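Written below as C-alpha cells is the structure these notes are about.
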Amino acid sequence: MRTYSFSTTVGCLVAICLVAIGGSAKSEDTEETSILYHDAHLHLTNYIQEGVSMEDTLELVGDRVGRFTVMGIPLQQKWDYFVSGERAPNYYLRSAASLYYYSFIDAMLASQYMKLSEDQKKRVDPMITGFNPTDMYATDHIKRVLLAFPGVFSGVGEFSIHKEFVSSKVTGHAASLHNPALDKIFDLVAEIGLVAFLHCDIDNVRPGVVPDHYEDLMKVLKRHPDATIVWAHTGLGRFVGPSVEHVSLMDQMMDDPDLSHVAADISWDLVNDYMVADTETAQAWANLLNEHPTRFLFGSDAVAPSSWEGYNKSYEILTDLWALLDSETMHLVTVGNYERLFDESIANVRAWEEKNLKAE
C-alpha cells in the first residue's frame, strides 16, 4: 500500500464545490451479510497530517468492512527546532513542543472524497474536525465547511475536550466542559441534525475518588437533548483507565432518560484491552451492551492504517466479548447503530445544505 502525504497533493478545490447535494441512505447498498462491521472511528491522518488515501483504505479493507467514518486529526504537532533540532516528531508524545488546530484538514478530506467513484463514496462518511472547540467562532467554521463542500460531510468529530497529555500541549486556552463555545457547537449539531463524536476523558491521569470529568460531562450532555452525540472510547484512553465502577457508571448513564440522545463507541485497541482484561470484566461489558444494544458502536480508531492486521486489531482484541453478545446486540453494535445514526445525519445535512445554498 502506498503512503499518502496530504500536504502535497490537495487538488483543485473549485471542482469540489460542484458536488451534487443529493444522496439517499447508504445502507441500501450495504451487503450486511458479507461484512464484519462498519467502522465508526477511523483516522485517515496522523499528528503531522500524513496518512493513507481513502482509495487505498478501501482497497485495504476490501469487502470485510462495509462503511467507515473518515476523521482527520484536528491537531498538528509543531516541529520546533529549538526543542527537537533535526529530529522531526510525528506524534504528540515525541516532542515537548505545542500542538495547534489545523483547519485545513477538512479541505484535505473533501479533496480526497471527491476522487472516489460514486460507489466508493457510499462507503465513506467524512467528518469535520478542523475547528477549535474553545472558540466561539467554531460553529461558523462548521457551517462554512458544509456550504463550501456540499454533499461531502456527515458529522463533526472526533474532537477533544479533556485528553490526558494532549490538552496541556494545545496552544491557547485548554478545551473545557465549562466553555460556552462547546454549548454552541452542540446547539449547531442539534440544529443541523449532525452526529458528533466527542472525546472527553472520564478522569485525569491521576484518578479522583469519583472520576473528575464524569459529572460535568453529564451536565453538558443533558443541556443538549436534541443533539446526537457519541462519546468516544466511553471516556477511557492511553493513560486514563477504567475505575472499578466504570461499567456501573456507563449503565447509570444509559438508564438515564435525559441522556437517551447519547451513544458511546468502543474503539481503540488500548481501550479494548481494558474491556477483556479477564473473564469477569468481559462478562460485565457484555451485560452492559446486551442491556443497551442501541447505544454502542464499534470503531477501530486506527490511524493511517497500512495493513489489515493493524487495522483490524481492535476488533480481534474483543473476540471474547463478541462471543458473549446475543445476535441482535452484535448486529446493532457492529452494523445497525452505525447505519441508523449516519443515515439520519446524512439526510439532515443534505437538507440543511440545500436550504442554505438556495438562500445565498
Open item on the list: Among the residues of the range 125-183, what is the count of those that are β-branched (V, I, T), assigned to a helix (DSSP H, G or I) and within 17 Å of V195 (Cα to Cα)?
Closed with: 3
Task: Which numbered condition V166 misses (of (1) among the hydrophobic types (A, V, I, L, M, F, W, C); (2) open to solvent by 10 Å² or more (accessible area, probe 1.4 Å); (3) modelled with pLDDT under 95) - done: (2)
Open item on the list: Name the residue that is least open to solvent (accessible area, probe 1.4 Å), counting only residues in the range 59-92 that are of a type in the set (D, E, K, R) and within 23 Å of P126 (Cβ to Cβ).
Closed with: R67
Open item on the list: So Y315 ticks every box in (1) touching a Ser or Thr at 6+ places or on another chain (Cβ under 9 Å); (2) farther than 28 Å from S243 by Cα; (3) hydroxyl-bearing (S, T, Y); (4) open to solvent by 20 Å² or more (accessible area, probe 1.4 Å) but one. Which box is left unticked?
Closed with: (2)
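Residues are listed down the side, and each one gets a yes or a no for (1) over 27 Å from S103 (Cβ atoms); (2) open to solvent by 10 Å² or more (accessible area, probe 1.4 Å):
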| position | (1), (2) |
| --- | --- |
| S154 | no, no |
| L182 | no, no |
| I192 | no, no |
| L198 | no, no |
| N204 | yes, yes |
| D212 | yes, yes |
| H246 | yes, no |
Task: Enumeration of residues in the range 31-70 that are aromatic (F, W, Y) and modelled with pLDDT under 90 - done: Y47
TODO: Kindly state which helices (runs of 4 or more DSSP H) lie completely within the range 48-114 and contain at least 1 residues that are under 21 Å from V145 (Cβ atoms).
DONE: 54-61, 105-113
- [ ] Could you check how many residues of the range 332-360 are over 15 Å from G155 (Cα atoms) and open to solvent by 80 Å² or more (accessible area, probe 1.4 Å)?
- [x] 5
TODO: Give the residues of the range 220-242 that are open to solvent by 20 Å² or more (accessible area, probe 1.4 Å) and more than 21 Å from N132 (Cα to Cα), sorted by residue number.
DONE: K222, P225, D226, R238, F239, G241, P242
Open item on the list: Being of a type in the set (A, V, I, L, M, F, W, C) and exposed (fewer than 15 other Cβ atoms within 10 Å of the Cβ) is the filter here; which residues of the range 318-331 pass it?
Closed with: A323
TODO: Could you tell me whether any residue of the range 127-143 is more than 19 Å from the chain's Cα centre (by Cα), open to solvent by less than 10 Å² (accessible area, probe 1.4 Å) and in contact (Cβ under 8 Å) with a residue 60 or more places away in the chain?
DONE: no
TODO: Answer yes if at least one residue in the range 300-315 is among the basic types (K, R) and within 27 Å of H224 (Cα to Cα), and no otherwise.
DONE: no
- [ ] Please work out if D63 is acidic (D, E), free of Cβ contacts under 8 Å to residues at least 40 places away in the same chain and in contact with a Ser or Thr (Cβ under 6 Å, 6 or more places away or on another chain).
- [x] yes
Open item on the list: Looking at D258 and the list (1) open to solvent by less than 30 Å² (accessible area, probe 1.4 Å); (2) touching a residue at least 12 places away in the same chain (Cβ under 8 Å), which single condition is not satisfied?
Closed with: (1)
TODO: Kindly establish whether E28 is at pLDDT 80 or above and out of contact with any strand residue (DSSP E or B) (no Cβ under 7 Å at 6 or more places or on another chain).
DONE: no
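The values are calculated or read from the model by the stated rules, or taken from the named source; none is laboratory data. Predicted model, so just to flag it, every value in this text is computed and none were measured. Neighbour counts run over all protein chains shown; Cβ positions are idealised from the backbone, glycine included. Accessible surface is based on the protein model in full, side chains and every heavy atom, while ligands, DNA and RNA are left aside. Shrake-Rupley method; radii C 1.70, N 1.55, O 1.52, S 1.80 Å.
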